[in-house]
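Below: the structure, in structure tokens.
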Amino acid sequence: MTELSLLEKLSKKGTDFLGSKYPIIGGAMASISDSKWVSGMVNAGAFAFLSCGSFTPQQLANEIELTQGKTQKAFGVNLIILHPQIMELIEVCVKKKVTHVILAGGVPTVEMIKKLKEGGIKVMAFSSTAAVGKWLIRNGVDALVIEGHESGGHVGPVSTIVLMQEVLPFVQKVPVFVAGGIGTGEIIAMCLLLGAAGCQMGTSFICIEESSVHQAFKKAYIRSTSRDAVTTKQISSTFPVIPVRSVYNKAHEDFESYQLHVVKDYENEQLTIEEARTKIETFWAGALKKAVIEGDIDNGSVMAGQIVGLVKEETTAQKIVERLVTETQKALEKMKSRLNEG
Ligand SMILES: Cc1cc2nc3c(=O)[nH]c(=O)nc-3n(C[C@H](O)[C@H](O)[C@H](O)COP(=O)(O)O)c2cc1C
């Protein structure tokens, strides 16, 4: 029997769970993670999630079928728990024999977890603290993703490095994958050494040839530095804004002045609090699609994590995965030889 490499040893928990060659997950990205993107990722040796977003059950069934037609490899589906037809979407995943589902957008209900598990599906969920993680595991979740503040899209308040220290030492029962700000093999090696089962990435896999994202969006990524990927600003404590990280553009400026305008109308009693809240909450509706599909990178939302500063070119999923794996292996070997020194 051939000896396992350092990477294979440290990856085993993650790759056995995912059924992929490498412990690398392409995180679902709304309007981006379609059958072409997912099959490109899994055929390159990673694992990946199809984004369901606001799909109807029929649309999800079609996209799963399309993906299954493009690859024999395992892939998962990302379901947003607040979707009004969430239980029907779960049924579609069971019927289509999807192997893994990640429940996103909050803490899932016990009923959702149970229904997926009864259908033979491995259930994953996001854990924002060790306590949430333990609750999820007690209720049957099979693996966790911890995602830090530096990630693209909707973000929590805590950085990846702090979450890792808060969660990894206390959750050994199930695989834990780290997300947010991952862009090189050196950091993947660190995560694996600290007990992670692998890493989930989104931003680093936008500019792949297999992604149908508009060229203007890809170019905005390639131009951007890590400082350009900022969260949306809330200007009034009465009107909460869920922070979303994206490349700073005209829409960010407009959002700030729009909030000022709405707050003023509320103060002048031209709007009720509910009307004002709805106006602010719906400002970004359709903004990601506008940027991803129409290429309107000024008025749309160019969601991106801080690691966008390391995205320098359009290339293939295969090349990025190969680079990440080589870097991880080298970093692990380097650490091993440093430990053996003297
Ligand atoms: C453009 C974009 C859209 C995203 N959409 C979703 C989504 O629909 N559902 C979800 O669970 N996560 C979403 N994410 C988060 C990713 O799945 C992934 O966890 C995150 O990008 C990891 O952090 P990184 O951006 O630093 O690599 C999105 C991220 C980006 C950049």
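In this structure, the residue pairs whose Cα-Cα separation is over 23 Å, taken from Lys115/Lys289; Lys70/Lys115; Lys36/Lys117; Lys9/Lys73; Lys219/Lys319; Lys12/Lys96, are Lys115/Lys289; Lys70/Lys115; Lys36/Lys117; Lys12/Lys96.
Ordering Val311, Val38 from the fewest to the most neighbouring beta carbons within 10 Å gives Val311, Val38. Among the GluC sites (Glu not before Pro) within region 278-316, those in coil by DSSP and having at most 16 neighbouring Cβ atoms inside 10 Å are Glu294, Glu313, Glu314. Using the average count of surrounding beta-carbon atoms within 10 Å as a protection proxy, the listed peptides 251-260, 197-206 rank, highest first, as 197-206, 251-260. How far is helix 250-267 tilted, in degrees, relative to the longest principal axis of the Cα atoms in the chain, given as a value from 0 to 90 rounded to the nearest 10? Roughly 50 degrees, rounded to the nearest 10. Taking every DSSP beta bridge that has both ends in the chain, the antiparallel portion is near 20%.
Its alpha carbons considered, region 127-275 gives a radius of gyration followed by a Dmax of 18.9, 57 Å.
Counting other Cβ atoms within 10 Å, which trypsin sites (Lys or Arg not before Pro) in region 79-112 have at most 13 and lie in a DSSP loop? Here the sparse-neighbourhood loop sites are Lys97.
I'd like the GluC sites (Glu not before Pro) in region 131-230 restricted to DSSP loop residues with at most 15 other Cβ atoms within 10 Å, sorted by number. Within region 131-230, the qualifying GluC sites (Glu not before Pro) (loop, at most 15 other Cβ atoms within 10 Å) are Glu209. Over all pairs of different C-alpha atoms, the chain has a mean inverse distance whose reciprocal, the Kirkwood radius, equals 20.7 Å. Could I get the Rg over Rh figure for region 215-308? Both from C-alpha atoms, Rh via Kirkwood, rounded to two places. Computed over Cα atoms, the ratio is 1.03.
Residue order for Tyr248, Tyr221, fewest other beta carbons within 10 angstrom first, comes to Tyr248, Tyr221.
None of the figures in this text is laboratory data; all of them are computed from the coordinates on show. Computed from a predicted model, the values in this text were never measured in an experiment. When we count neighbours, we look across all protein chains shown, and the Cβ atoms used for this are built from the backbone with ideal geometry, even at glycine.
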